[in-house]
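The values are calculated or read from the model by the stated rules, or taken from the named source; none is laboratory data. Just so you know, these numbers come straight off a predicted model, no measurement behind them. No Cβ is skipped: glycine too gets one built from the backbone with ideal geometry, and neighbour counts run over all protein chains shown. To get the accessible areas, we keep the full protein, side chains included, count just its heavy atoms, and leave off ligands, DNA and RNA. Shrake-Rupley method; radii C 1.70, N 1.55, O 1.52, S 1.80 Å.
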Amino acid sequence: MPLQIPPSLIIDGTLYALLLFSVITWTIIVFKTWQFSRNSRDNRRYLDAFWEAPNLEAAESLPAQLIRGPKANIAQRGFVWLADLKETGGAALKYRGEPEALLEQALRIQTQYELRTMESGLTLLASIGSTAPFVGLFGTVLGIMNALQDISKSGSASLDVVAGPIGDALIATAIGIAVAVPAVLAYNYFVKRAKQQRVGLENFADGFLHIAFNSDAHARQ
């Protein structure tokens, strides 16, 4: 005999799934808010110190408490690349080619890594925002079907009998929408913040590349 799952159990499972979606959504919102705020603060502090440095050597020797954030990570990647180039004299295969183009590639790879870190979790927010209403609707449909079966068994179709069970079933749709709205709003907001920071990171990488190959930078080599 095939196993039959009670409709009430499925409905409860749907509500618990929506509750889990809500917890995940607000966890991501809190974490991403903290992450973007921290990145903005660290980027601003490092950028001010970096461009105030008299030369690239001084910028590389900034205090450790300032070397934080995505822009600092990009700069450190550039410093490491330049140091490796000086130490090996460009003998390795990874240094074959135009040094400026190779450094640009290294900075771009680090920039892409920083962007992936910033955008992590946003796909999950988008998925929850798009699926939560349908999960709620699924619970509502099952709830109404279950309510109608109970009504048919009772033999009464009065408003008092119908309104209660069907009203309870509609709660699932309301919860699904309540879960989806903050997920969608947060996704759009964080995508906008990520795009803004992307521009800042790319501009900084371009600026680093420009000063890395001026006359002062060549003195390192």
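Brief remarks on what is shown
- Matching residues, segment 97-113, being surrounded by fewer than 14 Cβ atoms within 10 Å (Cβ to Cβ) and among the polar types (S, T, N, Q): Q105, Q112
- Residues being touching a Ser or Thr at 6+ places or on another chain (Cβ under 8 Å), of a type in the set (A, V, I, L, M) and over 13 Å from A180 (Cβ atoms) - total across segment 118-143: 1
- Selected residue (criterion: farthest from T111 (Cα to Cα)) from residues of segment 52-82 that are assigned to a helix (DSSP H, G or I) and touching a residue at least 60 places away in the same chain (Cβ under 8 Å): E57
- Residue in segment 143-161 that is assigned to a helix (DSSP H, G or I), out of contact with any Pro (no Cβ under 7 Å at 6 or more places or on another chain) and either modelled with pLDDT of 90 or more or under 30 Å from I29 (Cβ atoms) (or both) present: yes
- Filter result for L18 (open to solvent by 30 Å² or more (accessible area, probe 1.4 Å) and modelled with pLDDT under 95): no
- All positions within segment 36-91 that are among the hydroxyl-bearing types (S, T, Y), surrounded by 13 or more Cβ atoms within 10 Å (Cβ to Cβ) and more than 19 Å from I211 (Cα to Cα): S40
- First in segment 109-126 and over 14 Å from N203 (Cα atoms), second anywhere and of a type in the set (G, A, S), Cβ under 8 Å, 6 or more apart: M118/A194; E119/A194; L122/A194; L125/A183; L125/A186; A126/A183
- The single condition among (1) over 23 Å from K195 (Cα atoms); (2) in a helix (DSSP H, G or I); (3) open to solvent by 80 Å² or more (accessible area, probe 1.4 Å) that T123 does not meet is (1).
- Of all the criteria given as (1) modelled with pLDDT under 85; (2) over 30 Å from D12 (Cβ atoms); (3) hydrophobic (A, V, I, L, M, F, W, C), the one not satisfied by A101 is (1).
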